[in-house]
Amino acid sequence: MTVQSWQQRFENWLIQHHDNDDAAHDISHFRRVWATSQRLSEGEKVNERVILTACYFHDIVSLPKNHPQRSRSSIMAAQKTLTILRDDFPDFPESLYPAVAHAIEAHSHSANIMPTTREAKIVQDADRLESLGAIGLARVFTVAGRLNVSLFNADDPFADSRPLNDQRYALDHFQNKLLRLPATMQTEQGKALAVHNARYLVQFMAKISAELQGDYLEYDENILTRFAPHA
């Protein structure tokens, strides 16, 4: 069976069984992570079926960011995925179960599990790239809205004189996590794309800073320099 056939079967299953109103972790997210994984896999000797399966089920369990068990989401997702494969896809090779489970467990930033296979590294990079750039920006504020988090601290938006707290301020999440992602990327192409997309987030921060100072036409050059991304 081709990878495309497996993809269609997985999509059909998700449409029927995965009723998720979380726009940051819906079927469109799974498709984008798979598309990015394919790009990162070009020229690599990898098992596409492992990557595909991990991409489509890595967030089958996704606890809210403020949930006390958040760091276990990916482990729970891996366990649930293997149950789904056994029950609903009995023709899926059991020999691939460990590789699929590891790729799902290691994708999560909060789980802090180091990927040890090429497939897991690609899935992790592809998922983290989803957190950067224009889509990443949209996701930050989508999640902030769901959790009733303030956009930023009006008195100190860039945490110059206070601890970062992305549980209270969405903009703090850029420094707390997003701008650190390029340095965590596992593939060379992933690193280059992460740096490129992180620049977009820094430009957004620089625009906010300028507007807060009453300048609606320029970017704050100090912010652009201060938060310039690098891998």
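3J(HN,Hα) along the range 206-212, derived from phi through the Karplus expression 6.51 cos²θ - 1.76 cosθ + 1.60 where θ = phi - 60°, amounts to 5, 5, 4, 4, 5, 5, 5 Hz, with x in place of Gly and Pro. The residues D155, D125, D160, sorted by heavy-atom accessible surface at 1.4 Å with ligands and nucleic acids left out, run D155, D160, D125 from largest to smallest. Please give me the summed charge of the neighbours of A228: other residues whose Cβ is under 12 Å from its Cβ, Lys and Arg +1, Asp and Glu -1. Charge balance in the 12 Å sphere: +1.
Order the peptides 129-135, 6-12 from the highest to the lowest mean number of other Cβ atoms within 10 Å of their residues.
Working: 129-135: 19.3, 6-12: 16.0.
Final packing ranking: 129-135, 6-12.
For the chain, list log₁₀ I(q)/I(0) at each q in 0.13, 0.14, 0.18 Å⁻¹, using the Debye formula over Cα point scatterers of equal strength and ignoring solvent, two decimals each. Debye curve over Cα of the chain, log10 I(q)/I(0) at q = 0.13, 0.14, 0.18 Å⁻¹: -0.78, -0.89, -1.33. Accessible area per residue for the chain is 50 Å², calculated with a 1.4 Å probe on protein heavy atoms, without ligands, DNA or RNA.
What net charge is computed for the residues neighbouring E211, neighbours being all others with C-beta under 11 Å from the C-beta of E211, Lys and Arg scored +1, Asp and Glu -1? Each step should come with its number before you reach the end.
On the way: positive: K207; negative: D215, E218, D220.
Neighbourhood net charge equals -2.
Ligands, DNA and RNA left out, the 1.4 Å accessible surface of the range 85-231 is 49% carbon and sulfur atoms. Using θ = phi - 60° in the Karplus curve 6.51 cos²θ - 1.76 cosθ + 1.60, the 3J(HN,Hα) couplings for the range 129-143 round to 5, 5, 8, 10, x, 5, 5, x, 4, 4, 5, 4, 7, 5, 5 Hz; x is entered for Gly and Pro.
Where in the range 154-218 are there trypsin sites (Lys or Arg not before Pro) that are in a DSSP coil and have at most 16 other Cβ atoms within 10 angstrom of their Cβ?
Numbers: sites: R168, K177, R180, K191, R199, K207; in loops: R168, K177.
Those satisfying the criteria are R168.
Please list, by residue number, every one of the trypsin sites (Lys or Arg not before Pro) in the range 44-143 that is coil in DSSP and has at most 15 other beta-carbon atoms within 10 Å. Walk me through the numbers on the way to the answer.
Numbers: sites: K45, R49, K65, R70, R72, K80, R86, R118, K121, R128, R139; in loops: K45, K65.
Those that pass, being in a loop and sparsely packed, are K45.
Please give the calculated 222 nm ellipticity per residue for the chain, where each DSSP H segment of at least 4 residues contributes -39500 (n - 2.57) and the sum is spread over every residue; nearest 500 deg cm²/dmol?
Per the formula, -18000 deg cm²/dmol.
Only lysines eight or more places from K121 in sequence, or on another chain, were considered; those with a Cα closer than 24 Å are K45, K65, K80, K177, K191. Summing +1 for each Lys or Arg and -1 for each Asp or Glu, what net charge is found among the other residues whose Cβ lies under 12 Å from the Cβ of L52? Charge balance near L52 sits at 0.
Scan the range 106-208 for chymotrypsin sites (Phe, Trp or Tyr not before Pro) in coil per DSSP, keeping those whose Cβ has at most 10 other Cβ atoms within 10 Å, and list them by number. All intermediate terms of the calculation are to be shown ahead of the outcome.
Working: sites: F141, F152, F158, Y169, F174, Y200, F204; in loops: F152, F158.
Filter output for the range 106-208: empty list.
The values are calculated or read from the model by the stated rules, or taken from the named source; none is laboratory data. Since the model is a prediction, treat every value here as computed from it, not as a measurement. Every residue, glycine among them, receives a Cβ derived from its backbone with ideal geometry; neighbour counts consider all protein chains shown. With ligands, DNA and RNA removed, areas are computed over all heavy atoms of the protein, side chains included. Shrake-Rupley method; radii C 1.70, N 1.55, O 1.52, S 1.80 Å.
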